[in-house]
Amino acid sequence: MPKHYRPAGKKKEGNAARYVTRSQAVKYLQVPLKVFRKLCIFKGVFPRDPKKKVKGNHHTYYHMKDIAFLKHEPLLEKFREMRSYEKKVKKAMSKKNKDLAERLLTRKPTYTLDMLIRERYPKFIDALRDLDDCLTMVHLFAALPAIERESIQPERIHNCRGLSLEWQAYISRTHKLRKAFISVKGIYYQAEVDGQKVTWLTPHALQQVMPPDVDYKIMLTFLEFYETLLGFVNFKLYESINLKYPPILDPRLKALAADLYALTRYVDAKDQTSGTNDEESELRLAQLQDQLPSNEPGALMNLVVNAAFVSEDDEETKACKTLFQNKTFFLGREVPRESLLFVITSFGGVVSWEGDGAPFDESNQDIDYQIVDRPTQSHKFISRDYIQPQWVFDCINARLILPTEDYMVGKVLPPHLSPFVDNEAEGYVPEYADTIKRLQAAARKEILPMPGAEMDDLDNAHLLAEGIIDRAEAKEAAERKRKMAIDEKQFHQELKMEMKGMQQTADTSEIKKTGEEDDADDASPKQLTNNDEDMAMLTMSRKKRGLYNAIQISNQRKKANVDTLEKRKKNLKKNKETSSD
């Protein structure tokens, strides 16, 4: 009998026992496919990709431990109850028993996902780390129309809109917004909450096109989980700033579609009332302090600290809070109102708009900037600047009030640079990014080198001005560098001779002499670098060598991309010069 012979029907081993196909999992759990999908989304179970696919490459595989995890889920029993309930209603309707059908409809079983949220996210920081897709999905459905054939109900849309505005109101109130970027897909935002960076995408305020090839049932299942998650997160965040959740909005502003402004007013009003309560508690505690014995001077110190607790902001939050401080903005009716209201208030500005429910009208003399997107205006005020919306986003990304000359109405705007791209790592710094960098340095009263120069040249200039660099020290450094180059060349020649199997016949002094003679021709830094790379490649394993080659290919692609951008830049400059002539 062979060593690895296993009789038919015996226990399986390896990948055959570790992984099951989707059809096997559905049969094992005894649920329909749509219920299995819903369970997997709620519990966070995803398909696996085993190295050896026992049933073939055309199947979807799940780990057996995940399926056993789903088997003991209480929601599974609830879904079975709902399925039997639907059968009962269908049977009553088919028998035309309306009384029984109506009684059954009033006793429809329901379920909640609260325990799943606590199970998947035991700590609040875990929920914040998984919030990017949640916010993007909720903001997407908040902008979609209600469609009955796709089971997108109006109540679901209103709930998503409320959750998204509550999140924006918290970010705006606590000044946690860090970056914003307008793209073709929508507007990207990044906030920092409890040390975690949360990035999400909101669609433009336009009529959304519903593609027919999208499975909206799967998206609605994800949305059901994300709504519960975001509700928990908003509750925790509002509780951290001593606010009641859910907030109670002004019905007049809500009817005028000024929900975000209504939420901001609610937060500010609660802050003012909490401030007065803190003052009253301090007064009462001070009166009680006089009645205490003199040998207990700090008896109520802890109570005062707890009553008048104010969270200390970090340096970046303070900079964001004061960027638009004492600046008043007025939004035209053609600009995206909600986005600008969210961004400006997050950075300390005061905003109004054209329409009902606005805090003040256009004729207010305190307005510093009016954001418009029309080439002509019926009436202009001399005391304010008329700028395009991109100026606001560029200012918050640069953490600087940029000059408004390039953003005036009717002018061609400068490039809108993404704050999510590291120009230094990419190897190409756009011209406007360099301009912003100089403006930031001027605001910090720093000195930058002239265009085309390096920072080392600036450092050397400072050193020369202070009289630190001495001519003798420079000579010694040059001599030391030359000797190091000679020794390095000698070492590489010895290694080459050993690799070729030759014995070293030449004397060390001769090698040094030839090195001194041919140093300018042979020992170039590029050749030495290539020799080092060759030696390193010889000592690498195959896996590391493949990884090194992949890195080199990536660097070459990046360099080709940079060369293309530089070429375009030169062509644009040439075209501008020819057009001006």
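The values are calculated or read from the model by the stated rules, or taken from the named source; none is laboratory data. What you see is a predicted model; the values in this text were computed from it and never measured. Quick reminder, even Gly has a Cβ in these numbers, built from the backbone with ideal geometry, and neighbours come from all protein chains shown. We work out accessible area using only protein heavy atoms, side chains counted, and drop any ligands, DNA or RNA first. Shrake-Rupley method; radii C 1.70, N 1.55, O 1.52, S 1.80 Å.
Is the shape of the range 115-262 rounded, prolate or oblate, going by the alpha carbon gyration tensor and its root eigenvalues a ≥ b ≥ c, with a/c under 1.5 for rounded and a/b larger than b/c for prolate? Here the range 115-262 falls in the rounded category.
A 1.4 Å probe, protein heavy atoms only, puts the accessible area of Tyr245 near 50 Å². A 1.4 Å probe run over the range 15-72, with the rest of the protein chains in place, finds 62 Å² accessible per residue.
For the range 77-194, the square roots of the Cα gyration tensor eigenvalues, ordered a ≥ b ≥ c, give a/c of at least 1.5 with a/b greater than b/c, which places it in the prolate category. For the residues Thr199, Thr376, a 1.4 Å probe over the protein chains yields an accessible-area ranking, largest first, of Thr376, Thr199. Using a simple spin-label model with pseudo-atoms 7 Å out from Cα toward Cβ, Ser579 and Val562 lie 2.8 nm apart. The simple spin-label model puts a point 7 Å past each Cα toward its Cβ; for Thr435 and Asp133 those points are separated by 4.1 nm. In the context of the full set of protein chains, the range 336-420 has a per residue accessible area of 45 Å² (1.4 Å probe).
The distance linking the range 407-443 with the range 536-581 is 21 Å (Cα centroid to Cα centroid, whole angstrom).
Starting from the residue with the highest accessible area, list Lys53, Lys483 in decreasing order, probe 1.4 Å.
Highest to lowest solvent-accessible surface, that is Lys483, Lys53.
Does the range 16-157 classify as rounded, prolate or oblate by the C-alpha gyration tensor (a ≥ b ≥ c root eigenvalues; a/c under 1.5 gives rounded; else a/b over b/c gives prolate, otherwise oblate)? Note, shape of the range 16-157 comes out oblate. Here the gap between Arg333 and Glu424, fully extended at 0.36 nm per residue and compared with their Cα-Cα distance, gives a gain of 28.9 nm. Spin-label model, Ile241 to Lys543: label points 7 Å out along the Cα-to-beta-carbon direction sit 4.8 nm apart. Against the criterion of solvent-accessible heavy-atom surface with a 1.4 angstrom probe, Asp130, Asp361 sort, most first, into Asp361, Asp130.
Annotation: per residue accessible area for the range 116-247 equals 49 Å², rounded to a whole number [probe 1.4 Å, protein chains only]. Quick one: Cα centre-to-centre distance for the range 27-92 and the range 350-378, in angstrom? So the two Cα centres are separated by 55 Å.
Applying 0.36 nm per residue to the separation of Arg149 and Arg444 and subtracting their alpha-carbon distance, the gain on full extension is 100.4 nm.
If R0 is 41 Å, the Cβ-Cβ spacing of Lys27 and Leu105 corresponds to a FRET efficiency of close to 0.80.
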